[in-house]
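Visitor: Sharing a structure with you now.
The values are calculated or read from the model by the stated rules, or taken from the named source; none is laboratory data. Please read all numbers here as calculations on a predicted model, not as lab measurements. Backbone-built Cβ (ideal geometry, glycine too); neighbour counts: all protein chains shown. SASA here: full protein model, heavy atoms, side chains in, ligands and nucleic acids out. Shrake-Rupley method; radii C 1.70, N 1.55, O 1.52, S 1.80 Å.
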Amino acid sequence: AKADGRNRIAAFDVELRSSRLDTARLVDDLRRALTDAEFRVHYQPVVDSRTGEVRSLEALLRWTRPDGTSVPPDEFIPAAEDSGLIIPIGAWVLRHATEQATEWHQRFGLSLSVNVSGHQLSDPQFAETIFEALSASGLPPTALILEITETALVAVTGSTATDVHSCLQRLRDHGIRIAIDDFGTGYASLSYLRHLPVDILKIDRSFVRSDGGNAPGPQDHAFIRAILHLSETLRLSTIAEGVETPQQAALLQHMNCHLAQGFLFHRPMTQEAVEHLLAATTSG
Ligand code: C2E
Ligand code: CA
Ligand code: CA
Ligand code: CA
């Protein structure tokens, strides 16, 4: 039994070491991805579900390795955060997406949403990075939305929280809007929200989807209603994420939640596909 235990520890050790090696390799690959231009940005429209009209576009990072395999962001963003590479990667996304979205804003009045990780928020240069991207692209600050997950916001505490909140306030003073992403999953309290400089709540997909059903279940109903009520009280706008079925869309409309995003309307798409979509919807 003793030898057995030792073997198990040895196996665990090997596993731990190889996972560290994997992480180190992933970080090297991410560094190369940035210099060798292996990243792309795709865009997923946010629509008015009553008319299908596109209101804004969310930038979503894509990575294709030289061998043609693509790695989903949920798999590489954590390593990018832990290694600090999220700072230059995030700056690249901002530069690239604002550059592409400026024309969409000029021609169609659309806004751009960019996902921002908690590590970027805590970077003292963060606001400057944003202002640089805006002035380089010509995108007005009022056309930019920054999405920060509820979990990331709640995780900043103490003096860092004060810095982060005053940074968000400064960005908002310039007209940039702040959205709380994955809302409902991060335990932000009411009093916390009341003092947070934000504009938009994005209702997490898990409330919209419900367990395998086509429409949210009765409990999810109550959650969505509660979030909508909260939004109204705080005078925020609300976007429902992950709408996949007509039933879900109808229910959200019934609850007076009209901004929606999800595969039912559009999947994330390339810059060219966005251009086709916009040309098609405005020529008709
Ligand atoms: P998120 O910000 O919550 O983005 C929404 C995710 O849900 C996207 O996955 C999108 O493709 C997916 N999605 C949209 N509609 C539907 C739907 O109807 N059904 C289902 N099942 N999924 C839907 P994606 O692109 O894989 O991104 C995953 C996460 O990675 C994002 O979640 C975001 O947290 C993070 N991420 C993506 N790009 C960036 C970035 O540039 N910077 C940072 N910091 N994080 C990013
Ligand atoms: Ca998002
Ligand atoms: Ca989300
Ligand atoms: Ca998410």
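Visitor: Suppose the filter is open to solvent by 60 Å² or more (accessible area, probe 1.4 Å), more than 16 Å from ligand 3 (Cβ to nearest atom), of a type in the set (Asp, Glu) and not in a helix (DSSP H, G or I); does Asp82 pass it?
Guide: No; evaluated as a whole, the condition is false for this residue.
Visitor: Tally the residues that are open to solvent by less than 20 Å² (accessible area, probe 1.4 Å) and closer than 30 Å to Arg194 by Cβ, restricting the search to the stretch 256-284.
Guide: 4
Visitor: I've got another one for you. Inside the stretch 85-110, can you point out the residues that are more than 16 Å from Ala136 (Cβ to Cβ) and either among the β-branched types (Val, Ile, Thr) or touching a His at 6+ places or on another chain (Cβ under 7 Å) (or both)?
Guide: Ile86, Ile87, Ile89 - these are the residues of the stretch 85-110 that are more than 16 Å from Ala136 (Cβ to Cβ) and either among the β-branched types (Val, Ile, Thr) or touching a His at 6+ places or on another chain (Cβ under 7 Å) (or both).
Visitor: Would you check if Pro73 is farther than 23 Å from Ala136 by Cα, within 16 Å of ligand 2 (Cβ to nearest atom), under 16 Å from the mean Cα position of the chain (by Cα) and without any contact (Cβ under 8 Å) to a residue 24 or more places away in the chain?
Guide: Here the answer is yes, as Pro73 does meet what is asked.
Visitor: Which of the following residues is within 16 Å of ligand 4 (Cβ to nearest atom), on the phi < 0 side of the Ramachandran plot and of a type in the set (Val, Ile, Thr): Thr160, Thr151?
Guide: On inspection, the qualifying residue turns out to be Thr151.
Visitor: Within the stretch 211-239, how many residues are under 22 Å from Ser189 (Cβ atoms) and either charged (D, E, K, R) or touching a residue at least 24 places away in the same chain (Cβ under 8 Å) (or both)?
Guide: 15
Visitor: Quick check on this structure: which one of Thr142, Thr64 is in contact (Cβ under 8 Å) with a residue 24 or more places away in the chain, surrounded by fewer than 19 Cβ atoms within 10 Å (Cβ to Cβ) and closer than 24 Å to Ala240 by Cα? Before the answer, list the steps.
Guide: Working: Thr64 fails: closer than 24 Å to Ala240 by Cα.
Result of the check over Thr142, Thr64: Thr142.
Visitor: Moving to a separate point now. Only residues that are surrounded by 20 or more Cβ atoms within 10 Å (Cβ to Cβ), assigned to a helix (DSSP H, G or I), free of Cβ contacts under 8 Å to residues at least 40 places away in the same chain and under 15 Å from the mean Cα position of the chain (by Cα): list them for the stretch 85-118, please.
Guide: Ile86, Gly90, Leu94
Visitor: Considering each of Ser159, Ser122 in turn, give the residue that is away from ligand 3 (no atom under 16 Å from the Cβ), farther than 21 Å from Ser83 by Cα and open to solvent by 50 Å² or more (accessible area, probe 1.4 Å).
Guide: Answer to the check: Ser159.
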